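Report on the following structure.
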Amino acid sequence: MISMGRHLSVSRGTPRPRPVQLTLDQALLPRAYARLYAPSARRRLWAFSYTCPSCGGTHLGRSRELDAVKGTRKAGCGRKVWLEVSSVDLEVREPVGA
């Protein structure tokens, strides 16, 4: 057996998960969780709503792309938040009066 000052064990335990690397915005900004609504009827954009962790109010937003919803956003109250998607509503609705 060759000893090089390190202890190597193949039979013990499972590998530890790597620590998650957070960006500065993710670490410092308050986190908000949004409910996402798919485009349907006459609406062509993704719509989302979330409760602001800073002011406690509900804010609304729209996005052309699904991937653009997550990340740093300026909330309706003027404060910056880190937005995460918590749920997606994919139900397609018919236009009113059709």
Looking only at the stretch 43-96, which residues are β-branched (Val, Ile, Thr) and in contact with a helix residue (DSSP H, G or I) (Cβ under 9 Å, 6 or more places away or on another chain)?
Thr72
Could you grab me the full set of residues in the stretch 66-78 that are within 22 Å of Leu90 (Cβ to Cβ) and surrounded by fewer than 16 Cβ atoms within 10 Å (Cβ to Cβ)?
Leu66, Asp67, Ala68, Lys70, Gly71
If you take just the strands (runs of 3 or more DSSP E) that sit entirely in the stretch 58-98, which of them hold at least 2 residues that are more than 14 Å from the chain's Cα centre (by Cα), among the aliphatic types (A, V, I, L, M) and at pLDDT 90 or above?
none
Has the stretch 16-29 got at least one residue that is modelled with pLDDT of 70 or more and under 18 Å from Gly76 (Cα atoms)?
yes
Residue list for the stretch 31-65, restricted to those being in contact with a strand residue (DSSP E or B) (Cβ under 6 Å, 6 or more places away or on another chain) and open to solvent by 50 Å² or more (accessible area, probe 1.4 Å)
Arg31, Tyr33, Arg35, Tyr37, Thr51, Pro53, Thr58, Leu60, Arg62
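The values are calculated or read from the model by the stated rules, or taken from the named source; none is laboratory data. Keep in mind that what you see is a predicted model, and the values were worked out from it rather than measured. Here Cβ is always computed from backbone atoms with ideal geometry, including for glycine, and neighbour counts include all displayed protein chains. With ligands, DNA and RNA removed, areas are computed over all heavy atoms of the protein, side chains included. Shrake-Rupley method; radii C 1.70, N 1.55, O 1.52, S 1.80 Å.
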